[in-house]
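Inspection log for the structure reproduced underneath, given as C-alpha cells.
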Amino acid sequence: MSEELGINLSQAQKLLDEYIKDSVTKLHCRESEVIMRALAKHFDESEDEWGIIGLLHDIDWELTKNDTKNHCVKCIEILKNAGGSDYLIETIVSHAYGNEHCGDYKDKIRTKKIEHALAAAETLTGLIVASALVQPDKKLASVQLKSLQKKFKNKAFAANCNREIILECEQIGLSPEQFLEIGLTALQDIAKELNL
C-alpha cells in the first residue's frame with residue numbers, strides 16, 4: 001500500500017466497482033489510469049500512485065452527474081471512508097478546479113505537477129476516443145499521431161474536450177505533441193480492453 005494514498009490498487013479497483021456501474025464511465029476511468037501511468041513512467045514517478053489517482057478521479061460521477069455542483073465534493077467522503085489520504089483526496093478534487101459547475105472550485109487553480117497531469121490526462125481521453133470512433137474501422141490502431149494533432153487544433157472536433165485543460169501538459173514540461181503521443185500510445189496499448 002502506498003503511504004501517500006492510503007489506498008492500494010486492489011482497493012481502488014474494488015472502490016471503482018462499487019461506485020461506478022456505467023461501462024462508459026468505468027472505461028474513462030481506466031483510460032485516465034493508463035495515461036497517468038504512462039506520464040508517471042515518463043517522469044520517473046510512482047506508476048501505481050499516479051494510476052490509482054487516474055482510476056479514482058471520477059469516483060463520485062454517477063452520484064453527481066445530474067448534480068454537478070457536487071462533483072468532487074461527494075468523492076471526499078467516499079475516499080475518506082475508504083482510507084484515502086488527504087493527498088489522494090486533494091489531488092483528485094483538483095481536477096474540478098476552475099470548473100464553474102463543480103462545487104466551490106471555480107476560483108481555485110491547480111499548482112502541482114500531478115494536478116496538471118490528471119486534469120490534462122482525463123480530458124485527453126475524450127479527444128483520443130473520439131478520434132478512434134471517426135476512423136472507418138473505429139479502432140485506436142488506425143489513429144495516427146499527425147491526425148490526432150490536427151484534431152486537437154480543430155476545436156470543432158470533440159468540442160467538449162477543453163483544449164486549455166489539455167494544454168496544461170505544458171505546465172509539466174511536455175509539448176502538446178509529446179503529450180498527445182504519450183496518451184495515444186497508452187490507450188493503443190489497451191485497445192482490446194477498450195474494444196477500440
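Laboratory data are not the source of any read-out in this text; all were calculated from the coordinates shown. Because the structure is a prediction, the values reported are computed rather than measured. Heads up, the Cβs are rebuilt from the backbone with ideal geometry, glycines too, and the neighbour counts pull from every protein chain shown.
Each Cα pair under 8 Å and six or more residues apart adds its separation to the average, and for the stretch 108-196 the resulting relative contact order is 39 percent.
Using a 10 Å cut-off around each Cβ, can you sort Arg37, Arg30 from fewest to most neighbouring Cβ atoms?
In order of increasing Cβ crowding within 10 Å: Arg30, Arg37.
Put in order of Cβ neighbour count within 10 Å, fewest first, the listed residues Ser147, Ser94 become Ser147, Ser94.
Among Ala121, Leu187, Ser142, flag the residue with its Cα farthest along the positive direction of the charge dipole of the stretch 58-196, charges on Cβ as +1 for Lys/Arg and -1 for Asp/Glu. Most positive-ward Cα: Ser142. For the chain, the 222 nm mean residue ellipticity estimated from helices alone, with every DSSP H stretch of n ≥ 4 adding -39500 (n - 2.57) and the total spread over all residues, rounds to -17000 deg cm²/dmol. Ordered by the count of other Cβ atoms within 10 Å of each Cβ, fewest first, Val134, Val129, Val24 give Val24, Val134, Val129.
When only the Cβ of Lys, Arg, Asp and Glu is charged (+1, +1, -1, -1), the dipole of the chain relative to its Cα centre reaches about 900 debye.
In the elastic network of the chain, a GNM with C-alpha springs shorter than 10 Å, the most mobile of Ile109, Ile53, Ile165 is Ile109.
For His101, project a label point 7 Å along Cα to C-beta. Then give me every residue of the stretch 155-183 with its amide nitrogen under 20 Å of that point. Hits in the stretch 155-183 for His101 at 20 Å: 155-168. Between Asp137 and Thr111, the simple label model (points 7 Å from Cα in the Cβ direction) yields a spacing of 4.8 nm. Dividing the mean sequence gap of close Cα pairs (under 8 Å, 6+ apart) by how many residues the chain holds gives a relative contact order of 20 percent. Listed cross-link partners Lys14/Lys155; Lys80/Lys106; Lys14/Lys41 are compared with a 27 Å cut-off, the Cα-Cα value being larger for Lys14/Lys155.
For semi-axes √(5λ) of the Cα gyration tensor in Å, computed directly from the structure shown, the correct entry in [x] 38, 24, 14; [y] 25, 18, 17; [z] 31, 22, 12 is [y]. A simple rule links phi to the HN-Hα coupling: the Karplus curve 6.51 cos²θ - 1.76 cosθ + 1.60 with θ = phi - 60°, which for the stretch 184-189 gives 4, 4, 4, 6, 4, 5 Hz, with x for Gly and Pro.
When only the Cβ of Lys, Arg, Asp and Glu is charged (+1, +1, -1, -1), the dipole of the stretch 1-111 relative to its Cα centre reaches about 300 debye.
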